[in-house]
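The values are calculated or read from the model by the stated rules, or taken from the named source; none is laboratory data. If you're wondering where the values come from, they're calculated on a predicted model, not measured in any experiment. Because the Cβ atoms are built from the backbone with ideal geometry, glycine has one as well, and the counts that use them run over all protein chains shown. Quick note on the areas: whole protein, heavy atoms, side chains included, nothing else; ligands and nucleic acids left out. Shrake-Rupley method; radii C 1.70, N 1.55, O 1.52, S 1.80 Å.
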Amino acid sequence: MIATIHSSKLNGDVIAPASKSSMQRACAAALAAGGTTRLHNRGNSNDDNAALEVIKALGANVHEDGADIIIESSGIRARENRVHCGESGLGIRMFTPLVAMNNTAISITGEGSLVTRPMDFFDLVLPQVGVDVSTNDGRLPIIVKGPLTPQNITIDGSLSSQFLTGMLMAYAASGARDVSIRVTNLKSKPYVDLTLSVMESFGLPVPENRNYESFYFNNNGLKNNLVNSREYTVEGDWSGAAFLLVAGAIAGEITVRGLDTFSTQADKAILKALMDSGAGISVETNRVSLRPMPLKAFHFDATDCPDLFPPLVALAAYCDGTTVIEGVERLAHKESNRALTLQEEFGKMGLDIQLQENLMIIKGGGGLHGAALHSHHDHRIAMAGAVAALRATGTTTIEQAEAINKSYPSFFDHLSQLGATLKLGV
C-alpha cells in the first residue's frame, strides 16, 4: 500500500488506540492466571491478534462477546507443538518462558523482521531453569522443552525488558517460592512496572521489586488459588498516541482521548518532550489537547522509551535549533535499524540527522519538503513520515505503508478524521 499525504491543517478529537503493550501482557496474564477474563477495549493490531493466537495454542479458549473478548484458561497446557508469534518482538520474548512451562518440545516461530532478530539470550538463560532449548544460530525458530523450574538466576536486561516480563509471569504461574531473578543493565524500567501492574490486576503473585536489581518471589505461592473471573480494561496506547500528539503540535488543534495520565507506559514520556519543545499542550484526566506554537529544540533521554524516537524526530524537525536525543543504542534490533532508517528517510525530506555514538543530533527548523519515502516494513517509520508530511511543502508518499497494521491499523483513518488530506492506494 502507498500512502500519499499532503500538507494539512488538523482539527478535532480522536480516541487513542488500545495499547499493544497492555493488551499482550493481559493475554499472557489471563492464560497464566487461569479462570475467565473479560477484556475491554481490545486491541486489533497484528501483534494483538498474534498474542491471541499464541494463548489459544497454549490451551486458552478465546471468543468475542460484542466489543469484548472472553478468555477462558485452565492453565498453560499447550494443545499444539508449534506456536507462531507473528512479527511481535514482545510476543516472542514474553511468551517463550510460558511455552517452556510445558514438558513437550514446542517450536516457536515468527515472520518478517522477527526472523532476523537475535534470540541467543534464550540459549543462555532457559537451560538454567531446566529447559532444553535450541535456536537457529541465535535466530528463529526456537525449540523449547520444559518444564521450567524456578531457580535463582541472573538476566542481562541490556537488550530488552521483554524477556524479563515473560520470566516474571512464568515464575508466578509456576508458584515460585523463595527465589529471585537478578537483573543487570536493565533498560525500559517503566515496562517492567507495567508488567507488575498487570500481574497484580490478574491476581498473580507479584515479586518484591528490589530497586530493579532483583525480583524476589516469597513463599506464599499462588495467592488464594487466584480468582475464577475478572475484568480488565486495556489501556489507551501512549506509543501510538505519541504520533497524534506530535501531529497536533505541528499541524493543528486536536484532542486525544482515552489516555491514562497515571499510566506506567514508558512512552507517556512524550509529554515531557512536547512540554520541553514549547508545544501548546493541555493535560487533563483521560485527555490531552495540542495546538501549534513556536517550537524550540530540546534534549531528551529515550533510553527507557526507544519507541519514541520516530515521533520525536518528526517533532524535532520543526523545532528551531539542534535537538539531541539519547539512547540510539536501543534502536539496532527493532523492525529496522531505526537510527539509520530515520536518518535515511528524513534525509529525503531535507532533515539533517547525525549519529554520534549513543546520540542522535537533529538540526531542525529549516522546514521539510515532500519526498518518496519507504517504511522499511517498520510501522513507526511509516507513521513518523506521515506526521512529518503534514507540514512539509509538496506531496509525500510512503511505500509499504501497511506496516502500520503491526501496531495501529486505524492510524490513517484517525489522521483523516482529524482533517489530514491523504489517499491510500496500491
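Evaluate the relative contact order of the chain (contact order divided by residue number), counting alpha-carbon pairs under 8 angstrom at least 6 apart; express in whole percent.
Here the relative contact order equals 20 percent.
At 4 °C and 1.567 mPa s, grab the translational diffusion coefficient of segment 319-393 from Stokes-Einstein with a Kirkwood Rh over Cα pairs, rounded to a whole number in µm² per second.
Translational diffusion coefficient: 103 µm²/s.
What's the extension gain from residue 283 to residue 356 if we count 0.36 nm per residue and subtract their Cα-Cα distance?
Going from the current span to full extension adds 22.9 nm.
Accessible area, 1.4 Å probe, largest first: how do 45, 180 sort?
180, 45
What does the charge count near residue 166 come to, summing +1 for each Lys or Arg and -1 for each Asp or Glu among other residues with Cβ under 11 Å from its Cβ?
So the environment of residue 166 carries a net charge of +2.
Return, for the Cα atoms of segment 290-426, the radius of gyration and Dmax in Å, separated by a comma.
Calculated on Cα positions, Rg and Dmax stand at 14.1, 40 Å.
Just how far, in whole angstrom, is segment 42-94 from segment 270-331 if you go by their alpha carbon centroids?
33
Please give the direction-averaged projected area of the C-alpha convex hull for segment 270-366, in square nanometres with one decimal.
Value for segment 270-366: 6.3 nm².
Might you tell me the accessible area per residue for the chain, computed with a 1.4 Å probe and given in Å²?
Value for the chain: 37 Å² per residue.
Quickly rank 246-253, 30-37, 320-327 as a protection proxy: mean count of other C-beta atoms within 10 Å, highest first.
Result, highest mean Cβ count within 10 Å first: 246-253, 30-37, 320-327.
Treating the angle as unsigned and between 0 and 90°, give the value, to the nearest 10°, between the Cα long axis of helix 338-348 and the longest Cα principal axis of the chain.
Long axis of 338-348 versus the principal axis of the chain: about 20 degrees.
Obtain the nm distance between the two label points defined at residue 80 and residue 363 by a simple spin-label model: each point lies 7 Å from its Cα along the Cα-to-C-beta direction.
5.2
May I ask you to give the percent of accessible area on segment 41-133 that is carbon plus sulfur, with a probe radius of 1.4 Å?
43
I need the shape label for segment 357-426. Rule: rounded when a/c is under 1.5, else prolate if a/b > b/c, else oblate, with a, b, c from the alpha carbon gyration tensor.
Cα axes put segment 357-426 in the oblate bin.
How much length, in nm to one decimal, is gained on full extension between residue 139 and residue 115, taken as 0.36 nm per residue of separation minus their Cα-Cα distance?
This chain segment gains 8.0 nm when fully extended.
Too long at a 31 Å Cα-Cα cut-off: which of 189/423; 56/272; 268/363; 20/272; 20/423?
Check vs 31 Å cut-off fails for 189/423; 56/272.
I need the shape label for segment 64-212. Rule: rounded when a/c is under 1.5, else prolate if a/b > b/c, else oblate, with a, b, c from the alpha carbon gyration tensor.
Taking the square roots of the gyration eigenvalues as a ≥ b ≥ c, segment 64-212 is rounded.
Once both labels are modelled 7 Å past Cα along the beta-carbon direction, what's the residue 231-residue 185 spacing in nm?
The modelled label-to-label distance comes out at 4.5 nm.
Ignoring ligands, DNA and RNA, what percent of the accessible area of segment 287-404 is carbon or sulfur (1.4 Å)?
48
In segment 1-136, what % of DSSP beta bridges are antiparallel (nearest 5)?
If we restrict to bridges inside segment 1-136, about 75 percent are antiparallel.
Need one value: the accessible area of residue 124 in square angstrom, 1.4 angstrom probe, rounded to the nearest 10.
Accessible area, nearest 10 Å²: 120 Å².
Can you give the Rg to Rh ratio for the chain, taking only C-alpha atoms and Rh from Kirkwood?
Rg/Rh for the chain comes to 0.97.
Nearest 0.05, what FRET efficiency do residue 13 and residue 423 give at R0 = 25 Å with Cβ-Cβ as r?
Calculated transfer efficiency: 0.65.
Output the relative contact order of segment 330-426, whole-number percent, from Cα pairs under 8 angstrom with separation of 6+ residues.
Worked out over segment 330-426, it gives 21 percent.
For residue 123 and residue 344 in the same chain, what is the full-extension length gain: residue separation times 0.36 nm, less their Cα-Cα distance, in nm?
76.1 nm
Distance in nm between label sites at residue 262 and residue 53, each 7 Å beyond Cα in the beta-carbon direction?
In this crude spin-label approximation the distance works out to 3.7 nm.
Could you tell me the ratio Rg/Rh of segment 13-103? Both radii from Cα atoms, Rh via Kirkwood.
Reported Rg/Rh, Kirkwood definition of Rh: 0.96.
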